[in-house]
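Chemist: Once you've had a glance at the structure underneath, I'll fire off some questions.
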Amino acid sequence: MSANPEIQNIAPDTEEWTTIITPHRSLLDLKLKEVWRYRDLLTLFVRRDFVAQYKQTILGPLWHFIQPLFSTLVFTVVFGKLAGIPTDGIPPMLFYLAGLTNWNYFSACLTGTANTFVGNQGIFGKVYFPRLVTPLSVVTSNMIKYGIQLTLFLGFYVYFLIRGAPITPNAYILLFPLLVILLAGLGLGFGLLISSMTTKYRDLTVLLGFGVQLLMYATPVIYPLSEVPERYRLLVALNPMTSVIETFKYGILGQGTFSWGYLGYSFAFMVVLLLLGIVVFNKTERNFMDTV
């Protein structure tokens, strides 16, 4: 049976079978209507991903607060106090938390989606459903975690605002929905590509965590883009995550580097990456059971 079938109903009075399953032919065939029909399954996967992760833990979802809080404290001490890296006049705690909140969502989408084929080979080999449901459930469930961490950030934001910190939100904060789409799209696109390659090259799963960590240091999460030397600034800006993080900080904190050109580049990069990821994902989906 093909891993990516197309279902056609046949009238009982003309054929013995009522359903015929045939392979898709188009690599860009998203079958969004079919994904929508399986929306209940997507909801179940989202619930599974969110609940199962903390089912036997003591603190449960509180870890979504603890992890970014401790990371922010470490960054404040190491990079703010010891290394003396400036934060554009923004309180270091708030500056680092703004970057980490968004980065954590992107990295969670990437690493979770990258395990699609290897982590679900058991269920993929037994039952049919649109395979795209699985990575979409990862992106959706991580959005819940993103909302929890964003609440933590907003709590500190209100606190520093009351304390009179030099925070000046502006109209660019209205770009926030677009930034969320960019975070999800970039994470999903990279994840689809990597998940397709891990069916043949398992070493990528080992390198993924290390690579994501290195990519974070190539993104202005712990330093502002304005502090990057001029000769390296364009190189850092070529990272599509750079404009997302900087635009978020610029809109809500009033400090940072904003450029429609950089943001447009990130959006175009996301679109191309998603299309490429879908093509490779659909191609791998047809015969991945023979390689995993």
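The values are calculated or read from the model by the stated rules, or taken from the named source; none is laboratory data. Remember, it's a predicted structure, so these values are computed and weren't measured experimentally. Heads up, the Cβs are rebuilt from the backbone with ideal geometry, glycines too, and the neighbour counts pull from every protein chain shown.
Chemist: Considering only segment 241-250, I want to know if a residue exists there that is charged (D, E, K, R), at negative phi and without any contact (Cβ under 8 Å) to a residue 40 or more places away in the chain.
Modeler: There is at least one residue in segment 241-250 that is charged (D, E, K, R), at negative phi and without any contact (Cβ under 8 Å) to a residue 40 or more places away in the chain.
Chemist: So is T247 at pLDDT below 90 and of a type in the set (S, T, Y) or not?
Modeler: no
Chemist: Turning to a different aspect of this structure: May I ask you to list the residues in segment 92-106 that are within 11 Å of L152 (Cα to Cα) and hydrophobic (A, V, I, L, M, F, W, C)?
Modeler: Correct list: L94, L97, A98.
Chemist: Hey, does segment 184-201 have a residue that's closer than 22 Å to L97 by Cα, among the hydrophobic types (A, V, I, L, M, F, W, C) and at pLDDT 90 or above?
Modeler: Yes, segment 184-201 has at least one match.
Chemist: In the list V279, V272, which residue meets the criterion of being among the hydrophobic types (A, V, I, L, M, F, W, C), under 22 Å from I181 (Cα atoms) and modelled with pLDDT under 90?
Modeler: After applying the criteria, what remains is V279.
Chemist: Among the residues of segment 225-239, is there at least one that is crowded, with 16+ Cβ neighbours inside 10 Å and touching a residue at least 40 places away in the same chain (Cβ under 8 Å)?
Modeler: no
Chemist: Also, quick follow-up: Kindly establish whether S107 is in contact with a Phe, Trp or Tyr (Cβ under 6 Å, 6 or more places away or on another chain), among the polar types (S, T, N, Q) and touching a residue at least 12 places away in the same chain (Cβ under 8 Å). Outline the logic, then answer.
Modeler: Numbers: in contact with a Phe, Trp or Tyr (Cβ under 6 Å, 6 or more places away or on another chain): no; among the polar types (S, T, N, Q): yes; touching a residue at least 12 places away in the same chain (Cβ under 8 Å): yes.
It is false that S107 is in contact with a Phe, Trp or Tyr (Cβ under 6 Å, 6 or more places away or on another chain), among the polar types (S, T, N, Q) and touching a residue at least 12 places away in the same chain (Cβ under 8 Å).
Chemist: Please go through segment 137-161 and give me each residue that is surrounded by fewer than 19 Cβ atoms within 10 Å (Cβ to Cβ) and either within 20 Å of L193 (Cα to Cα) or touching a Lys or Arg at 6+ places or on another chain (Cβ under 9 Å) (or both), ordered by number.
Modeler: The one that is surrounded by fewer than 19 Cβ atoms within 10 Å (Cβ to Cβ) and either within 20 Å of L193 (Cα to Cα) or touching a Lys or Arg at 6+ places or on another chain (Cβ under 9 Å) (or both): T140.
Chemist: How about segment 112-122: which of its residues are surrounded by fewer than 22 Cβ atoms within 10 Å (Cβ to Cβ), touching a helix residue (DSSP H, G or I) at 6+ places or on another chain (Cβ under 6 Å) and either part of a helix (DSSP H, G or I) or at pLDDT 90 or above (or both)?
Modeler: none
Chemist: Tally up the residues in segment 123-172 that are in a loop (DSSP other than H, G, I, E, B) and either under 16 Å from D40 (Cα atoms) or in contact (Cβ under 8 Å) with a residue 60 or more places away in the chain (or both), please.
Modeler: Selection size over segment 123-172: 13.
Chemist: Working carefully through the options Y128, Y157, find the one that is modelled with pLDDT of 90 or more and not charged (D, E, K, R).
Modeler: Y157
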